Amino acid sequence: MEQLAINGGTPVRENKIFYGRQWITDEDVAAVGKVLKGDYITCGPSVAALEQKLCEVTGARYAVAVSNGTAALHCAAIAAGIGDGDEVITTPLTFAASANCALYVGARPVFADVDPKTYNIDPESIEAHITDRTKAIVAVDFTGQAVEHDRILEICRKYDLTYIVDAAHAIGTRYNNTPEGSIGDMTCFSFHPVKTVTSGEGGAITTDDPDLYRKLRLASQHGIVKDPAGFENESPDGIWYYEMQTIGFNYRMTDFQAALLISQLSRLGEFSARRKEIVKRYNEAFAGIPGIIVQREIPESDTTRHLYIIRLDSGILKCTRREFFDAMSAENVQCQVHYIPVYFFPYYQRLGYERGLCPIAEEIYEGIMSIPLYPMMSDEDVNDVIHAVTKVTEWYRK
Ligand SMILES: *Cc1c(COP(=O)(O)O)cnc(C)c1O
């Protein structure tokens, strides 16, 4: 058996590899440079072009580009008319922003448990948590795999709820051949550098509903409109005229970020194909390693995976997750944990959420970590990661 690096053995690779990273080409840089030297670095034509491109990619009628994925969720919560005393059902296995958007508008996040094999929100648990205060569902396509949209849509229709999809992980994913972005009432994306395509910071909301679109625009641009006529209001005094119709925020994306994202989106197919290739290699390798559990894939989802999660089988391994994680770090494979259940955080604890709310999510959390997955990884990088997982697993097998 190979001696672990953490015990003084030789690491599987010399330099550290991280769980995710962006891929910026010379073309991306040129696209940004061109905008920076032009007339508009914000509020210009690149944002409009990006929104058009996002409609093409997602199949949605409307897209609103914003400053980040968290802002996208906030705008969606505003547009849905969620407010004081309302409840929003979401998953605890997500980044805090998926739940925080309810708090931003005075509502209460309610956590439904997840499916023990896919780790996505469980529609049965959603239904069990519905009350007469429930206003919306924020479902997260965890790791990029689509949630069970058909069942969740049915629940939304039955109880008259707004369906918000947090697809921060899932641009490029298709559910029953429909792209993410045109399934929920509103779909939120993030373009943070670890996500599949990036604008540095960035986000967007897509929708097919003209009324939601109008509200999303208002929420993200100070509640101000320049052409109130277009919004069926009285005629303006002159061309300087604009009016604030509601309270909103400045959540605009800049034009040079939009240019970067347009350039990145032109390679979405390539990014997606490479991610799928790496996932396939991992799936094949880990199927033969007792002690490692991989996420179940549902046939309805043609997934562009953002994260690859391994779960330790505590019946087979004798180490803790911490020991496994530290051993991987010593092999120079830097993993990460996605995610600490949202209601474990001190802020949520102070709001009265208690541990034990979602036992399946909590149990999954105990044994998971994300291993490197990004399109720029070489075949050698992929082999190193598989080597490290195999080596550490063999060492700790009972
Ligand atoms: C990244 C992420 C967000 C937030 O996106 P930002 O662009 O970082 O604000 C929201 N939800 C999920 C599931 C995410 O992974």
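The values are calculated or read from the model by the stated rules, or taken from the named source; none is laboratory data. On a predicted model such as this, the values are computed, not experimentally measured, just so you know. Note: ideal-geometry Cβ built from the backbone for every residue, glycine included; neighbour counts use all protein chains shown.
What to note about this one:
- Checking the stated criteria, residue 195 turns out to be crowded, with 20+ Cβ neighbours inside 10 Å, among the basic types (Lys, Arg) and within 12 Å of the ligand (Cβ to nearest atom).
- Considering segment 130-163, the residues that are buried (at least 24 other Cβ atoms within 10 Å of the Cβ), under 19 Å from residue 75 (Cβ atoms) and β-branched (Val, Ile, Thr) include one that is farthest from the ligand (Cβ to nearest atom), namely 137.
- Qualifying residue in segment 118-125 (condition: assigned by TED's automatic domain parsing to the domain that holds residue 219, touching a Lys or Arg at 6+ places or on another chain (Cβ under 7 Å) and either more than 16 Å from the ligand (Cβ to nearest atom) or assigned to a strand (DSSP E or B) (or both)): yes
- Count of segment 164-182 residues, restricted to those that are touching a Gly at 6+ places or on another chain (Cβ under 9 Å) and away from the ligand (no atom under 16 Å from the Cβ), is 3.
- When segment 67-87 is filtered for residues that are of a type outside the set (S, T, N, Q) and either in contact with a helix residue (DSSP H, G or I) (Cβ under 6 Å, 6 or more places away or on another chain) or without any contact (Cβ under 8 Å) to a residue 24 or more places away in the chain (or both), the ones remaining, listed by number, are 73, 74, 75, 77, 78, 79, 84.
- Count - residues of segment 1-29 that are over 18 Å from residue 253 (Cβ atoms) and part of a loop (DSSP other than H, G, I, E, B): 19
- Residue check, residue 32 under 30 Å from residue 338 (Cβ atoms), of a type outside the set (S, T, N, Q), in a strand (DSSP E or B) and in contact (Cβ under 8 Å) with a residue 60 or more places away in the chain: no
- Any hit, segment 318-330, residues being farther than 28 Å from residue 97 by Cβ and β-branched (Val, Ile, Thr): yes
- Odd one out for residue 315 among (1) in a helix (DSSP H, G or I); (2) over 20 Å from residue 200 (Cα atoms); (3) of a type outside the set (S, T, N, Q): (1)
- Conditions (1) touching a residue at least 24 places away in the same chain (Cβ under 8 Å); (2) touching a helix residue (DSSP H, G or I) at 6+ places or on another chain (Cβ under 6 Å); number of the one not met by residue 301: (2)
- In segment 168-190, the residues that are closer than 14 Å to residue 150 by Cα and without any contact (Cβ under 8 Å) to a residue 60 or more places away in the chain reach residues that are more than 15 Å from the ligand (Cβ to nearest atom) and of a type outside the set (Phe, Trp, Tyr) with C-beta atoms within less than 7 angstrom, at least six apart or across chains, in these pairs: 183/149.
- The number of residues in segment 198-214 being among the β-branched types (Val, Ile, Thr), within 21 Å of residue 78 (Cα to Cα) and within 16 Å of the ligand (Cβ to nearest atom) comes to 2.
- Of all residues in segment 48-104, those satisfying the criterion of being crowded, with 21+ Cβ neighbours inside 10 Å, away from the ligand (no atom under 11 Å from the Cβ) and assigned to a loop (DSSP other than H, G, I, E, B) are 60, 80, 82, 92.
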